[in-house]
Amino acid sequence: MPRKSSPGLSRRSFLAASAALAARPAFGATASGSFDVVIVGAGAAGIAAARKVAAAGGRYVVIEATDHVGGRCITDTRSFGVPYDRGAHWIYLPDSNPVTKLGPHRGLEVYPAPPSQKVRVGRRNAREGELEDFLAAQVRTTRAIADAARKADIPCEQQVSNDLGEWRATVEFVLGPYMCSKDLIQVSSFDFAKATERNAAAFCKQGFGALLASLAQGLNVQLTTPAKSIDTRRGISVDTAKGTISARTAIVTVPTNVVASGGLRFTPDLGHHEIDSFGRLALGSYDHIALELVGNPLGIESDDLIFEKSADTHTAAILANVSGTALCTVDVAGAFGRDLSAQGEAAMVDFASEWLAGLYGAEVKKAIKRTSTTRWNKEPYALGAWSCAVPGSQFARRQYLDQIADNVWYAGEAAHETLWGTVGGAWESGERAADAVIRRVGPFKPSAPAAAQIEASPASKPKRVRAEQPAPRHESTQQYFGDTPTIMREGR
Ligand SMILES: Cc1cc2nc3c(=O)[nH]c(=O)nc-3n(C[C@H](O)[C@H](O)[C@H](O)COP(=O)(O)OP(=O)(O)OC[C@H]3O[C@@H](n4cnc5c(N)ncnc54)[C@H](O)[C@@H]3O)c2cc1C
């Protein structure tokens, strides 16, 4: 049996260490009056929105429920001694991704992901002809979904042809759970077809979460401050465990499932359409079962992505030797992944080790050392992986182009029509919401330090604003990369 990851180490302690931001007194800036905007959530969307408002000289505060920034894009350096992205890892479309475009990032190495994937057929690698059949089956199915989406928003599953034969289950896994975090029966053909093709990707050696956290440095973020409710009757009042924050506007970036489950309440209640849209864009299930596999027992290259030619949905994807380390993740998703993660960490690790043994031989089990699993459906401030519209619901994403309540905008991956489910999409959506706020309550008064410290994305720099009023105080955040990787191999 593989060893479990350090039993004495709590999630709180490693996240605190890996993403520590300087602790601040609650709502320090309120002394100078209420804020122009309160931003709820310090994931990609919240960070992007804050940077944009800061660059425009606005007075803002970001309140974050957990003890770290990054949300679903967080790097853990404790579990394995090397960067381990517990959420997002692939930097899609790096040439146009706003997160990479904001570089260069000091001390961070971004490099291209291998362009192709591998497939395991039983105990051997797929032959070239088999790979061609598999890719052809994927392309056919993708085209069939796109064709159907020209006419109706139906479940993608209806477009999976019966004559895919022995590749059917694999194609269903890759296009459904792996790409959308849901089985194809639950995926809207419109949503699938509108998604920008994510065919180029990069990795950050120090972790995507580390890269994102570096972009939050200098921002006014209040950690461990969950918002309980937002009252929009007389300006904006956000009720938190540490007190009430007043602002002229709010940008809410919490995941759809958190709002849908009542984790954040509104007074007066949100309208029917707004509430409905959070349910229509429910998050799917996607988890990493991370294993330290010493000695490269799978005999594969760094960052290899491997699928199994499977007979049913009880399958997974491997990302092997992450950034040249001994870290491999076995990713489970969709209905199968949801059921498995509900059974707990031990069941997840058992599945991963048995499954790998089936593909690479029983010896693999002996090479498994430390392990760690994510269980995003159980994280109270996420409650799932990423949004994917249920059939007939893609229109709900457009709902977020406008405010969802008086002076309240919603931003996050769910609010992006083509880059949903990605960090880049969340970022762009956060910037869009900030633009809306700036249009509503700007131009702001002087905020030279904030504007000087934080630059907005190059593509969308705000117009210069006149300086008239002192800026809110911004303490710089602590350096993120404290830990020296211990099992990182040299010379990638
Ligand atoms: C396992 C997994 C793998 C993924 N892989 C990739 C990938 O490879 N590439 C990619 O681009 N994307 C990937 N994604 C998706 C990506 O992580 C998300 O799309 C993106 O990070 C979402 O950013 P966000 O700002 O919209 O939301 P979040 O990152 O969820 O940020 C919302 C923030 O709000 C906080 N919050 C919640 N409730 C409250 C409250 N009441 N008060 C205050 N704060 C609150 C949360 O703690 C969180 O910090 C993956 C996601 C998962 C889970």
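What the table shows:
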item: Highest-first arrangement of 130-140, 261-271, where packing means the average Cβ count within 10 Å; result: 130-140, 261-271
item: Under Karplus coefficients 6.51, -1.76 and 1.60, residue-wise ³J(HN,Hα) of the range 169-180 in Hz, glycine/proline x; result: 4, 5, 4, 4, 5, 5, 6, x, x, 5, 8, 10
item: Portion, in percent, of the accessible area of the range 67-111 that falls on carbon or sulfur, probe 1.4 Å; result: 49 percent
item: Qualifying lysines (Cα of each under 21 Å from Cα of LYS228; at least 8 residues distant if same chain); result: LYS242, LYS378
item: For the range 146-303: rounded, prolate or oblate by the Cα gyration tensor [a/c cutoff 1.5]; result: oblate
item: Protection-proxy order for peptides 311-322, 199-210, 361-372, 282-293, each taking the mean of Cβ atoms within 10 Å per residue, highest first; result: 282-293, 199-210, 311-322, 361-372
item: 27 Å Cα-Cα reach of LYS309 towards lysines, excluding residues that sit fewer than 8 places from it in its own chain; result: LYS118, LYS182, LYS365, LYS366, LYS369
item: Cα gyration tensor category, rounded, prolate or oblate, for the range 196-282 with a/c compared to 1.5; result: oblate
item: Overall dimensions of the range 58-157 as given by Cα atoms, namely Rg and Dmax in Å; result: 20.1, 59
item: Separation of alpha-carbon centers, the range 224-259 and the range 107-157, rounded to whole Å; result: 41 Å
item: Net charge over other residues, Cβ less than 12 angstrom from the Cβ of TYR60 (K, R count +1; D, E count -1); result: +3
item: Computed FRET value (nearest 0.05) for ASN296 with ASP269, which takes r as the C-beta separation and R₀ as 60 Å; result: 0.60
item: Highest-first arrangement of 438-445, 161-168, where packing means the average Cβ count within 10 Å; result: 438-445, 161-168
item: TYR178, TYR84, ranked by accessible area, largest first (probe 1.4 Å); result: TYR178, TYR84
item: Trypsin sites (Lys or Arg not before Pro) lying in DSSP loop within the range 106-135, provided at most 15 other Cβ fall within 10 Å; result: ARG106, ARG123, ARG127
item: Cα gyration tensor shape of the range 122-233, rounded if a/c is under 1.5, else prolate or oblate by comparing a/b with b/c; result: oblate
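The values are calculated or read from the model by the stated rules, or taken from the named source; none is laboratory data. As the structure is a computational prediction, the values presented were derived from the model and not from experiment. Positions of Cβ are backbone-derived with ideal geometry, glycine not excepted, and every protein chain shown enters the neighbour counts. For the accessible areas, the whole protein counts, side chains as well, though only heavy atoms, and no ligand, DNA or RNA atoms are used. Shrake-Rupley method; radii C 1.70, N 1.55, O 1.52, S 1.80 Å.
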